[in-house]
């Protein structure tokens, strides 16, 4: 069934107003990882509650031990499916601030050298712009039809960028209220600027922070160098052993248990729809894949597990030079998981890897930063085909299913707490600079994202 033309027309006519609403949300610096922005996170939640109420939802700001969660409920026509839409209003920190070409919480439209128009601001793509495509589609459908074609429950959290520890307990504690037939998640992207996609494979993740302590205090490197253990050197030796230099494989004991072999037909399909190594890496100034040998860059990020060093610190890090032998050194390590890899087994293997290499006179501390399993959308999920058809109709290009190198723990949490499969439909692009300075979201992604959700919700009603 074709989406109601009146709703599509309203999405077009009201685009300027939709942008104003998005800009209002983007101006709120809802950085969940920083305590100083707790009031801003609450302000964003209250702003969304007000918007949902204006859209006819029964909406509320729900308290958690951390930042609040926003819920909204709209009953659908009798006999039609009920969907649960998930998004998040919190954003990443903006550091380093001096790399931004404009203040990160002053959104603006910018004409790029490639001829596209971009919405620039922290959160433009991750995830405020994506959330607002859905809410503005609901607005267009309600204005045109007087009601939504399906029942809709909205859950928008404020801690996705800081671990999201309170979401799963909230879902479990309110499972009866949040009952639905299908989850919709808009925190992913397209294959390219012209090809819409539904992400059906997501990697899981384990986050670990390790701190190694040597002497009781920082030491003079001339007086104690060589004789005293250097925690930075110890740490570097340990983390350099995490990968085999010849093959690129992760060396943790049992790491590849549960990792499925890549079907040859999938490899062939991805080779046709995906970018080459040079194309995929070229957008960030690289060319050659650096991980596991025998796999393309696309394969490595979509269907292979990984180990990455996300941060390392110790000793003197300010301007100038100080001949210090540090007492402590720390690193933040993440593992991306696929298939049936068990996050807790990976965590335990990493800690054992560190302990067995720890020299005398050194101590180690670990801090967990969460963990989640990989997620796969069933190929026979009934909603998959109509959603792909709706996206294809809007973009004029056949929509495809893709994998994603990132981790979206909510997919597994929604399955665990509510028993729901998820459709991951997003309109972000590879060059959106998510989590980086000068984050952007293409105006076309926002506009056609609204129109896409109009079509998808209409298709799901059938």
Checked region 236-277 for anything out of contact with any strand residue (DSSP E or B) (no Cβ under 7 Å at 6 or more places or on another chain), assigned to a helix (DSSP H, G or I) and at pLDDT 90 or above; matches are 236, 237, 238, 240, 277
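Residue by residue, here is whether (1) modelled with pLDDT under 95; (2) on the phi > 0 side of the Ramachandran plot; (3) assigned to a strand (DSSP E or B); (4) surrounded by fewer than 18 Cβ atoms within 10 Å (Cβ to Cβ) holds:
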| site | (1), (2), (3), (4) |
| --- | --- |
| 133 | no, no, no, no |
| 137 | no, no, no, no |
| 149 | no, no, no, no |
| 187 | yes, no, no, no |
| 210 | no, no, yes, no |
Return yes when residue 15 is crowded, with 18+ Cβ neighbours inside 10 Å and at pLDDT 95 or above and no when it is not.
no
What number goes with the only condition from (1) more than 17 Å from the chain's Cα centre (by Cα); (2) more than 16 Å from residue 211 (Cβ to Cβ) that residue 336 does not pass?
(1)
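Would you mind finding the one in 202, 219 that is more than 23 Å from residue 275 (Cα to Cα) and surrounded by 15 or more Cβ atoms within 10 Å (Cβ to Cβ)?
Matching residue, one of 202, 219: 219.
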Every residue from region 1-36 that is in a loop (DSSP other than H, G, I, E, B) and touching a helix residue (DSSP H, G or I) at 6+ places or on another chain (Cβ under 8 Å):
1, 2, 3, 4, 14, 28, 29, 30, 32, 33
Given the criterion under 23 Å from residue 195 (Cβ atoms) and free of Cβ contacts under 8 Å to residues at least 24 places away in the same chain, identify the matching residue among 385, 451, 455.
385
Being more than 23 Å from the chain's Cα centre (by Cα) and either in the same structural domain as residue 29 (by TED's automatic domain parsing) or in a loop (DSSP other than H, G, I, E, B) (or both) is the requirement here; does residue 142 meet it?
yes
Exactly one condition in (1) surrounded by 14 or more Cβ atoms within 10 Å (Cβ to Cβ); (2) not assigned by TED's automatic domain parsing to the domain that holds residue 238 is not met by residue 379; state its number.
(1)
Could you say which residue among 68, 81, 103 is crowded, with 22+ Cβ neighbours inside 10 Å and either under 30 Å from residue 387 (Cα atoms) or at pLDDT 95 or above (or both)?
68
Please go through region 297-319 and give me each residue that is assigned to a loop (DSSP other than H, G, I, E, B) and either surrounded by 12 or more Cβ atoms within 10 Å (Cβ to Cβ) or at pLDDT 95 or above (or both), ordered by number.
304, 305, 315, 316
Quick check on region 278-288. Is at least one of its residues surrounded by 14 or more Cβ atoms within 10 Å (Cβ to Cβ), modelled with pLDDT of 95 or more and touching a helix residue (DSSP H, G or I) at 6+ places or on another chain (Cβ under 8 Å)?
no
Out of the strands (runs of 3 or more DSSP E) lying entirely within region 76-125, which hold 3 or more residues that are within 25 Å of residue 420 (Cα to Cα)?
82-88
Those residues of region 151-183 which are surrounded by fewer than 16 Cβ atoms within 10 Å (Cβ to Cβ) and in a loop (DSSP other than H, G, I, E, B) amount to 165, 175, 176, 177, 179
Show me the strands (runs of 3 or more DSSP E) entirely contained within region 345-462 in which 1 or more residues are under 30 Å from residue 227 (Cα atoms).
363-372
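Is region 283-296 home to any residue that is part of a strand (DSSP E or B) and farther than 19 Å from residue 192 by Cβ?
No - not one qualifying residue is present in region 283-296.
For the condition more than 30 Å from residue 354 (Cα to Cα), in a strand (DSSP E or B), in contact with a strand residue (DSSP E or B) (Cβ under 8 Å, 6 or more places away or on another chain) and in contact (Cβ under 8 Å) with a residue 12 or more places away in the chain, what is the one hit in 201, 205?
201
The values are calculated or read from the model by the stated rules, or taken from the named source; none is laboratory data. This is a predicted model, so every value here is computed, not measured. Positions of Cβ are backbone-derived with ideal geometry, glycine not excepted, and every protein chain shown enters the neighbour counts.
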